[in-house]
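S.K.: I have a structure I would like to understand better, so I am pasting it below and will then ask my questions one at a time.
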Amino acid sequence: MILRCDSPSVYEPMTNLPTFDDVEKAAQRIEGIAHKTPVATSRTVNARTGAELFFKCEHLQRAGAFKFRGAYNSLVQFSSDQRKRGVVAFSSGNHAQAVALAGRLLDIPRVIVMPADAPDVKRIATEGYGGEVVLYDREAGEDREALGRRLASERGLILIPPYDHPDVIAGQGTAARELLAEVGPLDFLFAPCGGGGLLSGSALAANAMASNCKVIGVEPLAGDDATRSFRTKQLQTVDNPKTVADGARTPSLGKLTFPLVMQHVSDVTTVDDPTLLRTMFYLWERMKLMVEPTGALAAAAAMTGTTPIAGARVGVILSGGNVDMSQVAGWLKYR
């Protein structure tokens with residue numbers, strides 16, 4: 001059912017959204033720059049789930065996450081004047097690192113707005129890639145988007161948001177495109193969901209390359225705004241959710257990702273933090289895949305039965321591997 005309403009918060013199909021053709025063009029732009037990440041399999045996981053799972057290892061992507069794909073696809077299209085002006089981005093960490101690295105490769109000045117409580121590993125890496133980090137206090141309710149817009153206005157910078165941008169979405173979709181090109185058609189594709197950039201891009205690729213594939217978005221239970229949005233067909237929000245999946249602590253889907261999710265995604269589901277951490281440790285110990293909590297979201301849903309997958313061919317995107325090692329001791333009780 002499609003609901004139409006004057007309010008932009010209610011799902012209504014849009015025509016000016018990125019398409020699979022944009023994903024294909026993004027793949028050409030990033031070829032030879034972004035890593036073609038490996039696909040991992042496990043007989044043990046297959047026996048446990050009764051399905052055949054293919055793990056797309058985006059935690060081995062440059063800057064440690066799929067975010068590099070969208071960041072580079074966006075920045076490489078800047079005009080010479082835009083490159084001189086520079087870019088500003090806001091991010092909890094992985095988009096920050098991706099923009100900082102892509103900007104370094106393209107010689108573009110970059111300013112990154114990050115939360116003061118972002119994992120140190122992500123802040124330090126962002127600075128290491130040459131990004132100027134500007135911190136804000138999300139616990140005090142400071143608005144990162146407003147700060148980003150202000151910096152863009154004051155300094156003449158180009159704002160590249162972490163997910164709600166057509167070039168970002170198209171770039172993220174290249175991960176699923178690579179997976180499907182390598183392993184062939186899938187019955188299911190599980191992708192993490194924060195703001196919906198990776199999920200939207202993945203769905204564009206899957207719908208074009210494997211029309212019968214059901215795309216499942218996965219978010220932390222504490223940040224279930226996308227699940228509620230999908231169920232109600234109205235854009236829902238969440239205020240600074242408390243979850244170990246720091247990459248998915250976004251307030252809502254975006255103006256572009258919301259309609260894309262509604263049009264192309266089969267379902268959105270959640271996993272709680274204990275389940276997420278148990279899955280993360282399983283991936284570490286049994287498959288030697290060092291993913292961060294957010295990076296394990298899709299695997300947690302696929303491996304714990306939130307969606308019946310027995311007998312199916314299943315793609316799972318492991319989205320990032322920037323683990324905050326200072327937090328691991330506190331997570332071990334869930335191992």
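S.K.: Across the stretch 269-297, which residue is farthest from the chain's Cα centre (by Cα) among those that are aliphatic (A, V, I, L, M) and more than 16 Å from G330 (Cα to Cα)? Walk me through it before giving the result.
M.R.: Looking only at the stretch 269-297, we keep the residues that are aliphatic (A, V, I, L, M), and these are 271, 276-277, 280, 283, 287, 289-291, 296-297.
Next, only the ones that are more than 16 Å from G330 (Cα to Cα) stay: 271, 283, 287, 289-291, 296-297.
On the way: V271: 16, L283: 19, M287: 22, L289: 18, M290: 17, V291: 13, A296: 12, L297: 10 Å.
Ranking the qualifying residues of the stretch 269-297, first place goes to M287.
S.K.: Give R104, R110 a once-over and let me know the one that is free of Cβ contacts under 8 Å to residues at least 40 places away in the same chain, more than 20 Å from G196 (Cα to Cα), crowded, with 22+ Cβ neighbours inside 10 Å and among the charged types (D, E, K, R).
M.R.: R110
S.K.: Same structure again: Having 2 or more residues that are modelled with pLDDT of 95 or more, at negative phi and among the aliphatic types (A, V, I, L, M) is the bar; report the helices (runs of 4 or more DSSP H) wholly within the stretch 110-225 that clear it.
M.R.: The helices (runs of 4 or more DSSP H) meeting that bar are 166-183, 197-209.
S.K.: Turning to a different aspect of this structure: Scanning the stretch 313-327 for residues that are hydrophobic (A, V, I, L, M, F, W, C) and open to solvent by 10 Å² or more (accessible area, probe 1.4 Å), which turns out farthest from M287 (Cα to Cα)?
M.R.: M325
S.K.: Okay, next question. Out of the residues in the stretch 214-242 meeting the condition of being β-branched (V, I, T) and in contact (Cβ under 8 Å) with a residue 40 or more places away in the chain, tell me which one is surrounded by the fewest Cβ atoms within 10 Å (Cβ to Cβ).
M.R.: Per the criteria, the residue is T227.
S.K.: Shifting gears a bit: What are the pairs, 6+ residues apart or on separate chains, where a residue within the stretch 82-101 that is in a helix (DSSP H, G or I) has its Cβ under 7 Å from a residue that is of a type in the set (V, I, T) and open to solvent by 10 Å² or more (accessible area, probe 1.4 Å)?
M.R.: Partner pairs satisfying both residue conditions: Q82/I158; R85/I158.
S.K.: Quick one: would you say T237 is modelled with pLDDT of 95 or more, of a type in the set (S, T, N, Q) and under 25 Å from G305 (Cβ atoms)?
M.R.: no
S.K.: Still on this structure: Which of the residues spanning the stretch 21-69 are small (G, A, S), more than 25 Å from L106 (Cα to Cα) and part of a helix (DSSP H, G or I)? Working first, answer last.
M.R.: Of the residues in the stretch 21-69, the ones small (G, A, S) are 26-27, 32, 34, 40, 42, 47, 50-51, 63-65.
Then keep just the ones that are more than 25 Å from L106 (Cα to Cα); that gives 40, 42, 47, 50-51.
The one that is small (G, A, S), more than 25 Å from L106 (Cα to Cα) and part of a helix (DSSP H, G or I): A47.
The values are calculated or read from the model by the stated rules, or taken from the named source; none is laboratory data. Here the structure is a predicted model, which is why all the values come from computation and not from measurement. Every residue, glycine as well, gets a Cβ built from its backbone with ideal geometry; the counts of neighbours run over all protein chains shown. To get the accessible areas, we keep the full protein, side chains included, count just its heavy atoms, and leave off ligands, DNA and RNA. Shrake-Rupley method; radii C 1.70, N 1.55, O 1.52, S 1.80 Å.
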